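K.L.:
Would you mind keeping the following structure in view while I ask a few things?
The values are calculated or read from the model by the stated rules, or taken from the named source; none is laboratory data. All values reported here derive from a predicted model rather than from experimental measurement. Every residue, glycine as well, gets a Cβ built from its backbone with ideal geometry; the counts of neighbours run over all protein chains shown.
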Amino acid sequence: MHSSVALRLSIVLSEDDSWHHRPLYQEIVKRARDSRLAGASVWRGVEGYGASSRIHTARLLDLADDLPALVVIVDEPDRVRAFLGEIAELLTEATVTLDEVEHVRFGGVGDAT
């Protein structure tokens, strides 16, 4: 087991947000991979609201639109901050948070497993 200090980048946006006719979250994940960040995940929300205070929900499946999406990326602090600068143009209506986290890896290079 190996542990290090890392930075978690969380980006909350709408699953309907787009960049050049494709989902914005896909563009962020593609750019994270191209930047060789440790990893990126997208989580789809089932309910939420933003600045409009209008609740978006998946409870009424026929009306489920504009649901929240969360992109989470964890890597070394300098790499995450540099990446955030690279994608700033994409984040016009997103909520972005940065949290210092402990990154724990199991079974990596040099671990006796």
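K.L.:
Looking only at region 48-86, filter to residues that are assigned to a helix (DSSP H, G or I), at pLDDT 95 or above and hydrophobic (A, V, I, L, M, F, W, C); which one of those is surrounded by the fewest Cβ atoms within 10 Å (Cβ to Cβ)?
P.N.:
It comes out as Ala82.
K.L.:
Could you look through region 23-47, keep only residues that are in a helix (DSSP H, G or I) and either touching a Phe, Trp or Tyr at 6+ places or on another chain (Cβ under 7 Å) or modelled with pLDDT under 90 (or both), and pick out the one that is nearest to Asp78 (Cα to Cα)?
P.N.:
Ala32
K.L.:
Count, please, the residues in region 1-22 that happen to be in a strand (DSSP E or B) and either β-branched (Val, Ile, Thr) or farther than 30 Å from Val104 by Cα (or both).
P.N.:
So the count comes out to 6.
K.L.:
Take the residues in region 24-37 that are touching a residue at least 40 places away in the same chain (Cβ under 8 Å) and surrounded by fewer than 18 Cβ atoms within 10 Å (Cβ to Cβ); name whichever of them is farthest from Thr92 (Cα to Cα).
P.N.:
Among those that are touching a residue at least 40 places away in the same chain (Cβ under 8 Å) and surrounded by fewer than 18 Cβ atoms within 10 Å (Cβ to Cβ), it is Ser35.
K.L.:
Let me ask something else about it. Check region 90-107 and report whether any residue there is assigned to a helix (DSSP H, G or I) and either among the charged types (D, E, K, R) or at pLDDT 80 or above (or both). Show your work before the answer.
P.N.:
Pass one, region 90-107, residues assigned to a helix (DSSP H, G or I): 90.
Narrowing further to those that are either among the charged types (D, E, K, R) or at pLDDT 80 or above (or both): 90.
There is at least one residue in region 90-107 that is assigned to a helix (DSSP H, G or I) and either among the charged types (D, E, K, R) or at pLDDT 80 or above (or both).
K.L.:
Which is surrounded by 11 or more Cβ atoms within 10 Å (Cβ to Cβ) and farther than 12 Å from Leu90 by Cα, of Trp43, Trp19?
P.N.:
Criteria check complete, one pass: Trp43.
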